[in-house]
Amino acid sequence: MKLVVVIPLLILFLWYLSFSATRLDRLHHRVETSWANLDGLLQRRAAIALEIAHSEIVDPATSMILTSASHLAREASIESRSDAESGLTGALGLLLTDQPATGVEKDLLRELSELTDKIRVAIALHVDAVSRTIMVRKKLVFRIFRLAGRAPLPVKYEFEEDVI
């Protein structure tokens, strides 16, 4: 008689663990996808900054700073990524938009402005995905049964806290 009750409860509990592990896997996938999107946008921002640095709307000093910051942001390792992106944000802050610009430069500045808005949204999505994943991984059942497996804990980068 007890076996009739215990077996369905055990099956239900195993289903719950399987469902929870699948949910956590989807959350990790969401973090990876949001980071890939954000990384692509950041790479594009560095490329546009490099194009602006080589245009005629910036003075030579600003051009050198933008070029250096762009290259650092594009080539940064995981450990130095946050500093490089913050440096590029600061360098882009040096741009003066009240200077006369031709059609190509206006397009670059407009594209940079639109890209900055997209980056803000991508950062919000990535931070949300990381926060939800960390919150789920902190639950007792996920820690006891090691439902995360060997997946690394997702991280937030410092530059995501900056206002880009």
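Within the set Gly90, Gly40, the sole residue that is free of Cβ contacts under 8 Å to residues at least 12 places away in the same chain and out of contact with any Cys (no Cβ under 6 Å at 6 or more places or on another chain) turns out to be Gly40. Screening the candidates Lys156, Lys139 for the property of being at pLDDT 90 or above and either closer than 30 Å to Leu17 by Cα or not β-branched (Val, Ile, Thr) (or both) yields one hit, Lys139. Taking the range 1-119 and the helices (runs of 4 or more DSSP H) fully enclosed by it, the elements with 3 or more residues that are charged (D, E, K, R) and open to solvent by 20 Å² or more (accessible area, probe 1.4 Å) are at 2-53. Assessment of the range 109-130 against the conditions (of a type in the set (Asp, Glu) and over 15 Å from the mean Cα position of the chain (by Cα)) yields at least one matching residue. Against the conditions (1) open to solvent by less than 20 Å² (accessible area, probe 1.4 Å); (2) in contact (Cβ under 8 Å) with a residue 60 or more places away in the chain, Val141 satisfies every one except (1).
Kindly indicate which of Glu32, Glu111, Glu79 is charged (D, E, K, R) and touching a residue at least 12 places away in the same chain (Cβ under 8 Å). Of Glu32, Glu111, Glu79, the one residue that is charged (D, E, K, R) and touching a residue at least 12 places away in the same chain (Cβ under 8 Å) is Glu111.
The values are calculated or read from the model by the stated rules, or taken from the named source; none is laboratory data. Keep in mind it's a predicted model, so treat the numbers as computed, not measured. Don't worry about glycine lacking a Cβ; one is built from the backbone with ideal geometry, like all the others, and counts go over all protein chains shown. Just so you know, the surface numbers come from the protein's heavy atoms only, side chains and all, with ligands and any DNA or RNA stripped out. Shrake-Rupley method; radii C 1.70, N 1.55, O 1.52, S 1.80 Å.
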